[in-house]
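Working notes for the structure below.
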Amino acid sequence: MKVEAINERVLQELDARQQELDILNMKKETLGAEIAHSQVKQEAVVLYKKLHELEPYRSQMVAQDKSMGSPQEERERLLKQDYTENRKHRMKQGLLTCSYIVEALLVIAIIYSVIQTLRLRKCYSLDEFSQTEITCAPDACLNPSHPLPKDIVPVL
């Protein structure tokens, strides 16, 4: 007896839900026909779909806005970020400057070696110089036992 009562109640509930579904389907068809004949309603449907798609982005932006803090805090954060980026940039520039200085010192060492070779071979003209073989060992050029001549001023 109990099972029959439960079965009867479930069948009645199923029938009620089926009637609701039929009513909703008819309403959907009616509204679809109305929308098909109205340009304004079609545009409203498109806008409603766009609004539904953009809702998660709105929620994300609101959460991001709340996490940003006050304008003063945001300003301080951006200033700190800018300072850090500028510092990194200046460090890179400093490294480049150091490499240019090292290259310049090597060029000076080579020039000094040429001058020493000219003095040792007592070449006083370009013709004499072009006829001599010049060898340069940069380590020897930087040797403090070979001081720069007084008439040569190194440029750093």
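The values are calculated or read from the model by the stated rules, or taken from the named source; none is laboratory data. Predicted model, so just to flag it, every value in this text is computed and none were measured. Here Cβ is always computed from backbone atoms with ideal geometry, including for glycine, and neighbour counts include all displayed protein chains.
Would you confirm whether any residue within the range 73-82 is free of Cβ contacts under 8 Å to residues at least 24 places away in the same chain and either exposed (fewer than 10 other Cβ atoms within 10 Å of the Cβ) or not in a helix (DSSP H, G or I) (or both)?
There is no residue in the range 73-82 that is free of Cβ contacts under 8 Å to residues at least 24 places away in the same chain and either exposed (fewer than 10 other Cβ atoms within 10 Å of the Cβ) or not in a helix (DSSP H, G or I) (or both).
On the stretch given as the range 117-130, residues that are assigned to a helix (DSSP H, G or I) and either in contact with a helix residue (DSSP H, G or I) (Cβ under 7 Å, 6 or more places away or on another chain) or at pLDDT 75 or above (or both) total 2.
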